[in-house]
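Visitor: Attaching a single structure in structure tokens format; questions to follow.
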Amino acid sequence: SLRFPQKLWKMLESGKFQSIWWSEGGKCVAINKDLFEVEVLGRGGQQVFHTQKIKSFMRQLNAYGFTKMQRNFQRSASLPEFLAEEAAASAHSQILYYFNPGFNRAHPWLLETCKRR
């Protein structure tokens, strides 16, 4: 049986899921929260992890040293541009980004450094 980081890696590399992907050039994990809950954690989904709750999944990420990243958006001065950016930012708010220095697509051998705290 694979440990949590190996399962996560295998899932990202499989290409079978639309709700989770590599981001920032393979240095971060991006998760579309709503879609992930249906596609992976939902009863009809492909059961990968032993939970059906997003909070439990996020606790696992934290337990293995992943930290949540904030997305920084530069704001425009003009009102129409600002409103368009706000709409894009709210769509982005469903996307969670997690980083772990030992979880890097370009360096799979670092996966062994991902230990439970």
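Visitor: Within the stretch 55-74, how many residues are out of contact with any strand residue (DSSP E or B) (no Cβ under 9 Å at 6 or more places or on another chain) and either buried (at least 16 other Cβ atoms within 10 Å of the Cβ) or modelled with pLDDT of 85 or more (or both)?
Guide: The total comes to 7.
Visitor: All but one of (1) assigned to a loop (DSSP other than H, G, I, E, B); (2) polar (S, T, N, Q); (3) touching a residue at least 24 places away in the same chain (Cβ under 8 Å) hold for Gln52; which doesn't?
Guide: (3)
Visitor: Let me ask something else about it. Considering the stretch 24-40 alone, what residues qualify as being open to solvent by less than 60 Å² (accessible area, probe 1.4 Å), among the aliphatic types (A, V, I, L, M) and part of a helix (DSSP H, G or I)?
Guide: Val40, the sole residue that qualifies.
Visitor: Would you please list the contacts, defined by Cβ atoms under 7 Å and residues six or more apart or on different chains, that run from a residue in the stretch 8-32 that is small (Gly, Ala, Ser) to a residue that is open to solvent by 80 Å² or more (accessible area, probe 1.4 Å)?
Guide: The qualifying pairs are Gly26/Arg105; Ala30/Trp21.
Visitor: Just the residues that are at pLDDT below 90 and open to solvent by 90 Å² or more (accessible area, probe 1.4 Å), please, taken from the stretch 77-117.
Guide: Residues satisfying the conditions are Ala77, Leu79, Pro80, Glu81, Leu83, Arg117.
The values are calculated or read from the model by the stated rules, or taken from the named source; none is laboratory data. No experiment lies behind these values; they were computed from the predicted model shown. Cβ atoms come from the backbone with ideal geometry, glycine included; neighbour counts cover every protein chain shown. Note: areas computed on protein heavy atoms with side chains; ligands, DNA, RNA excluded. Shrake-Rupley method; radii C 1.70, N 1.55, O 1.52, S 1.80 Å.
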